[in-house]
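The structure appears below as structure tokens.
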């Protein structure tokens, strides 16, 4: 055929939904993970060096009825907390805590406008209301109970609970071990950056309660959020970064970080839910590494075995298994599942203890609710999608089957960019000779930057300086003295908080005599812009704080340096960190914490996010009668994919303006010729259980009337772009 130029665009059909049906009955979710507590380290008897943590959670009731919250009964939520690590191609659960028992429900508006219950006495979480439990509250060792006696599918648990953490009540335990009792425990070896280079970490919160479960709303009660991990000399500390991914367990972070991971939600008939992930990767020599992860959301029947079908003649080697270690007297024996390889049939793992008496059940190690197990092996097969999960407790069915579908390898959800920080050697630039900044109490000034600076992916040429110890994008208020935690939807947003507090610089409220100055150091392309607050004072108080913020050209790194602190007032009313432009995401170094130390520097670096694409296009054919164009579309399961073929030279046009559109999805196949250039169309298409479509354009004028080339491009979907179309990414060229 003569040269032809076409443009093709793949558009994700996960179009924004204008309204989501409200769940019937009470429906509690984790609306946000809000803060962390770090309790230091200890070595439990018979164990290795371990740090203890807690995670703050905000619950939201998105249902149509109030949620019961009766203290000192079993008609209230219990709160689970977990920590995960994503490293070396797999996600693993590395920490688990006991369950915080709720005792009082507030009526706040974190998720929606709260319908305040009447009476508002803490016994119910109202419709659309939220209730925060801080990390210090969730980490309190009183009023926490074990997991083993909670049925997450029904929400039932005995009251009072039968056990308390043994380390907190046993004077014979090792010194300081009591700080670990019942809290999230993580081995130092799982956090050590030298042992886990490039690892990503995630926090997870989980609510279980009877009336939510009775309404059938227990499958959406888990949310996760990224973590930053730092070492403080003797123990590890965690802090939240990014934004909370609501109603998603942390196993979904594997897919967000690696689009080649295939995900499945597998429901046990009339019972709970499991979420599974699978990744296959070539390791050379005709061998592939297969990694599977299975998370039990709320199944009380639990997982008892896991197997993968093997093709004829195919075996499995280098098997691996990982579970999560219970602690603090939880009566569960952490025995690894036993592996079995039957070449040409299956590779499998099974819990070594069958269900029996209640005491035997408590001691066994099935895949219980709120936990994730890993299974891995190497094989000559490139793709092994057929899995069977055996259920541990008796019932019908005895197992559930799962088929993993191939993925596009493209991001399928919007992942926001995020900052992470790390401690760096003391980094101080003396701005004494710089330009005078704002002066007084609640003063501010917008100044020009000496170089373009990218902040959360947005280029800035100006920055707002506030005497209250923060920088912000232009247009934000400069006079906000009442610091809040990061992130927060209240203004100011787009903030770099060096030491955000009620500060004044040579102002009228006290004896302040310090200054705020800004200066540029170095030469292009490695300039550094510093804003220094010297001897700034808290309003009407006689104390001094000196600190600075450094912005780097090129790398767009942000450094917060604490030069000096006032005695007795070292951060207890200050916020440090960064927040995005709308306050929906941020990375907090500290908030109202007395751990601020003089002579320290922390550097924040940004990792860009990703935008969603839902399909991968594969091309073949010469475009003639004898060898028509053919395309194979691999899409995420249950996603509608539309292929636009533009017959006019130039950019991709909007559908309906001179192009052919082929729409493929789980239930539809249609082809349209907007321009008539192709004449009669005779499409053929096939699909399989994984929604992989193969289609061909069977009748094409030969030759085409004008010399044209053929260019296939992918059009990334965006809910905010006109017509849902965003920037173009080339997928294939023919």
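Within the stretch 336-365, restricting attention to residues that are modelled with pLDDT under 90 and not in a helix (DSSP H, G or I), the residue that is surrounded by the fewest Cβ atoms within 10 Å (Cβ to Cβ) is 357.
Consider residue 161 carefully, then state whether it is crowded, with 18+ Cβ neighbours inside 10 Å and either part of a loop (DSSP other than H, G, I, E, B) or in contact with a helix residue (DSSP H, G or I) (Cβ under 8 Å, 6 or more places away or on another chain) (or both). So that I can check it myself, show each step before the final result.
On the way: crowded, with 18+ Cβ neighbours inside 10 Å: yes; either part of a loop (DSSP other than H, G, I, E, B) or in contact with a helix residue (DSSP H, G or I) (Cβ under 8 Å, 6 or more places away or on another chain) (or both): yes.
In short, yes.
Of the residues 249, 269, the single one that is more than 21 Å from residue 28 (Cβ to Cβ) and not assigned by TED's automatic domain parsing to the domain that holds residue 586 is 269. Taking residue 233 as the residue in question, decide whether it is surrounded by fewer than 19 Cβ atoms within 10 Å (Cβ to Cβ), farther than 26 Å from residue 405 by Cα and more than 15 Å from the chain's Cα centre (by Cα). Considered against the rule, which asks whether it is surrounded by fewer than 19 Cβ atoms within 10 Å (Cβ to Cβ), farther than 26 Å from residue 405 by Cα and more than 15 Å from the chain's Cα centre (by Cα), residue 233 comes out as yes. Please give the number of the condition residue 80 fails out of (1) touching a residue at least 12 places away in the same chain (Cβ under 8 Å); (2) surrounded by fewer than 23 Cβ atoms within 10 Å (Cβ to Cβ); (3) not in a helix (DSSP H, G or I). Every listed condition holds for residue 80 apart from (2). Scanning the stretch 275-282 turns up one or more residues that are under 18 Å from residue 391 (Cβ atoms) and not in a loop (DSSP other than H, G, I, E, B).
Counting the residues of the stretch 521-561 that are assigned to a strand (DSSP E or B) and farther than 16 Å from residue 460 by Cα gives 15. If you check 440, 434, 409 for being under 30 Å from residue 552 (Cα atoms), out of contact with any helix residue (DSSP H, G or I) (no Cβ under 7 Å at 6 or more places or on another chain), outside the structural domain of residue 238 (by TED's automatic domain parsing) and at pLDDT below 95, only one passes: 440.
Of everything listed in (1) touching a residue at least 12 places away in the same chain (Cβ under 8 Å); (2) under 30 Å from residue 31 (Cβ atoms), the single unmet condition for residue 177 is (2). The sole residue among 46, 122 that is part of a loop (DSSP other than H, G, I, E, B), free of Cβ contacts under 8 Å to residues at least 40 places away in the same chain and in the same structural domain as residue 226 (by TED's automatic domain parsing) is 46.
Hey, does the stretch 276-285 have a residue that's under 23 Å from residue 147 (Cα atoms) and not assigned by TED's automatic domain parsing to the domain that holds residue 150? Yes: one or more hits. Report yes if residue 584 is surrounded by fewer than 23 Cβ atoms within 10 Å (Cβ to Cβ), under 23 Å from residue 244 (Cα atoms) and either modelled with pLDDT of 90 or more or out of contact with any helix residue (DSSP H, G or I) (no Cβ under 6 Å at 6 or more places or on another chain) (or both), otherwise no. Criteria met by residue 584. More than 21 Å from residue 399 (Cα to Cα), in contact with a strand residue (DSSP E or B) (Cβ under 9 Å, 6 or more places away or on another chain) and not assigned by TED's automatic domain parsing to the domain that holds residue 205: does that describe residue 324? When the stated conditions are applied, residue 324 passes them.
Restricting 471, 464, 449 to residues that are more than 24 Å from residue 574 (Cα to Cα), at pLDDT 95 or above, touching a strand residue (DSSP E or B) at 6+ places or on another chain (Cβ under 8 Å) and assigned by TED's automatic domain parsing to the domain that holds residue 532 narrows the list to 449.
Please enumerate the residues belonging to the stretch 309-318 that are part of a strand (DSSP E or B) and surrounded by 15 or more Cβ atoms within 10 Å (Cβ to Cβ). Residue satisfying the conditions is 309 alone.
The values are calculated or read from the model by the stated rules, or taken from the named source; none is laboratory data. Just so we're clear, the structure is a prediction, and the values are computed from it rather than from any experiment. We place every Cβ from the backbone using ideal geometry, glycine too, and count neighbours over all the protein chains shown.
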